[in-house]
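As structure tokens, the structure follows; a few thoughts come after it.
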Amino acid sequence: MRNFFTIVSFSFLLLSVLSCKKEEQSVEIPPPVINKSDSISMSSGYVNEVYYSFANGIVQTSPRATWDIAFRTSKRSSSILINDGSGVALFTYPKSDTNGWATIDTNGLSSWKPMYNDPDNWENGAFSRNAKDHPDYGWAIYNDATHNLIGDSLFVIRLRDGSFKKLWMIKKLSSLDIYVFRYANLDGSGMQNVSEDVSSLTATDFSGYSLQTNSRVAFEPVKAGWDILFTKYMSVQSDGSPYLVTGVLSNDSVIARKFYPVALNYKNYAIGVWDSTRSAIGWNWKTFDMNTYTYKIADSTVYFIKPLNGDVYKLYFTAFSGTATGIVKFNIEK
């Protein structure tokens with residue numbers, strides 16, 4: 001009898017253990033919440049821009065004032081940026097089409113409207129701001145037969161050093177991913193004819209070019225490696241006038257949501273619509289206090305960001321030093 005009860009007791013105990021293990025295996029363990037306080041520095045005068053990954057931190061710090069224009073590397077893109085955060089401005093020449101290249105003059109330039117990159121759309125660079133519906137892409141007309149973009153406009157461009165050049169985006173050979181363009185001093189001297197092949201550079205979103213040194217500039221890390229960019233860029237005031245700001249731009253594949261007013265421990269990011277614009281985070285998470293000459297961080301403001309890998313991160317800013325050091329402090333939570 002003792003052996004029977006021993007066997008029964010042992011069997012019951014074994015079944016209990018197995019049952020507990022089965023229950024333990026069926027329990028879903030939530031992913032860990034990762035909280036992190038971090039900071040970046042654009043340095044004094046915001047001379048640098050900082051590419052940041054929520055998973056890996058700072059990816060690259062690049063001097064901003066090294067390029068004047070930048071070509072989007074996708075074969076299907078027409079976007080050409082200007083470095084508007086470093087003082088570059090673009091003017092469509094109003095007196096002639098491309099036939100007027102040899103006779104460009106800048107009389108009345110002060111009345112010409114400068115063009116800047118669209119603060120909300122990477123695809124709408126400054127050169128595209130006069131775009132209409134297809135086939136008119138602003139600086140060029142799409143050719144149905146060849147699929148190339150043929151430049152139909154002349155431009156005057158103010159460079160980072162304040163000098164001016166005339167510029168003609170002649171064409172983009174779409175299938176080859178080659179931009180062909182010409183630029184010179186306003187009097188025609190120093191003319192450069194360039195064929196810029198960006199077909200091998202598609203790991204980055206844009207490839208820069210300096211009209212001052214006549215050379216390509218690699219200013220951007222691999223586009224799959226960063227989520228947000230701390231930089232200076234041209235935004236737009238409520239009256240439509242351009243306004244230079246310091247803020248945060250998103251990678252083209254990153255989406256975000258802003259919540260205000262909420263507590264900083266707010267977590268319900270599923271409410272509302274994701275914002276896919278370039279400046280979903282933007283610049284107005286801070287204000288300048290004229291009484292103390294310091295920046296104050298907007299209270300009760302939380303951002304949720306979904307980066308390239310599909311994770312979701314909460315972001316809120318804690319400090320901004322201003323032009324003295326260009327330091328931004330923030331908290332992130334996965």
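The values are calculated or read from the model by the stated rules, or taken from the named source; none is laboratory data. This is a predicted model, so every value here is computed, not measured. Methodologically, a virtual Cβ is constructed for each residue, glycine included, from the backbone with ideal geometry; neighbour enumeration extends over all protein chains shown.
Only one entry in SER74, SER111, SER128 is under 19 Å from ARG216 (Cβ atoms) and in the same structural domain as ASP205 (by TED's automatic domain parsing), namely SER74. Pairs linking a residue in the stretch 87-103 that is in the same structural domain as ASN117 (by TED's automatic domain parsing) and over 15 Å from PHE127 (Cβ atoms) to a residue that is loosely packed, with under 14 Cβ neighbours inside 10 Å and not aliphatic (A, V, I, L, M), with Cβ atoms under 6 Å and 6 or more positions apart or on different chains, do not occur. Got at least one residue in the stretch 251-258 being in contact with an Asp or Glu (Cβ under 6 Å, 6 or more places away or on another chain), of a type in the set (Val, Ile, Thr) and part of a loop (DSSP other than H, G, I, E, B)? The answer is yes, given that some residue of the stretch 251-258 is in contact with an Asp or Glu (Cβ under 6 Å, 6 or more places away or on another chain), of a type in the set (Val, Ile, Thr) and part of a loop (DSSP other than H, G, I, E, B). Restricted to the stretch 306-334, and to residues there that are in contact with an Asp or Glu (Cβ under 7 Å, 6 or more places away or on another chain) and of a type outside the set (Phe, Trp, Tyr), the residue that is surrounded by the fewest Cβ atoms within 10 Å (Cβ to Cβ) is LYS334.
The rows are residues; the columns are (1) among the polar types (S, T, N, Q); (2) without any contact (Cβ under 8 Å) to a residue 24 or more places away in the chain.
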{"position": "TYR243", "(1), (2)": "no, yes"}
{"position": "PHE259", "(1), (2)": "no, no"}
{"position": "VAL262", "(1), (2)": "no, no"}
{"position": "TRP283", "(1), (2)": "no, no"}
{"position": "THR301", "(1), (2)": "yes, no"}
{"position": "PHE320", "(1), (2)": "no, no"}
{"position": "ALA324", "(1), (2)": "no, no"}
{"position": "ILE327", "(1), (2)": "no, no"}
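Reported count of residues in the stretch 198-230, each being assigned to a strand (DSSP E or B) and surrounded by 14 or more Cβ atoms within 10 Å (Cβ to Cβ), is 10. Taking the criterion of being in contact with a strand residue (DSSP E or B) (Cβ under 8 Å, 6 or more places away or on another chain) and within 13 Å of PRO307 (Cβ to Cβ), the residues of the stretch 42-66 that qualify are TYR51, TYR52, SER53, PHE54, GLY57, VAL59.
None of ALA263, ALA280, ALA270, ALA324 is in a loop (DSSP other than H, G, I, E, B), assigned by TED's automatic domain parsing to the domain that holds GLY45 and touching a helix residue (DSSP H, G or I) at 6+ places or on another chain (Cβ under 7 Å) except ALA324. Can you tell me which residues in the stretch 94-149 are among the hydroxyl-bearing types (Ser, Thr, Tyr) and out of contact with any helix residue (DSSP H, G or I) (no Cβ under 9 Å at 6 or more places or on another chain)? Within the stretch 94-149, THR98, THR103, THR106, SER110, SER111, SER128, TYR142, THR146 meet the criteria.
Looking across the stretch 104-126, just one residue is within 30 Å of ALA280 (Cα to Cα) and either loosely packed, with under 12 Cβ neighbours inside 10 Å or without any contact (Cβ under 8 Å) to a residue 12 or more places away in the chain (or both), and that is LYS113.
One residue is enough: does the stretch 42-56 have a residue meeting the conditions within 22 Å of VAL236 (Cβ to Cβ), crowded, with 18+ Cβ neighbours inside 10 Å and outside the structural domain of PRO242 (by TED's automatic domain parsing)?
Checked against the condition, which is being within 22 Å of VAL236 (Cβ to Cβ), crowded, with 18+ Cβ neighbours inside 10 Å and outside the structural domain of PRO242 (by TED's automatic domain parsing), the stretch 42-56 yields no hits at all.
Taken as a whole, the structure leaves MET169 outside the set of residues that are surrounded by fewer than 19 Cβ atoms within 10 Å (Cβ to Cβ), of a type in the set (A, V, I, L, M) and at pLDDT 95 or above. All conditions but one from (1) within 24 Å of the chain's Cα centre (by Cα); (2) free of Cβ contacts under 8 Å to residues at least 24 places away in the same chain; (3) over 27 Å from ASN251 (Cα atoms) apply to LYS132; the one that does not is (3). Consider SER235 carefully, then state whether it is touching a residue at least 60 places away in the same chain (Cβ under 8 Å), touching a Ser or Thr at 6+ places or on another chain (Cβ under 9 Å) and closer than 19 Å to GLU49 by Cβ. When the stated conditions are applied, SER235 passes them.
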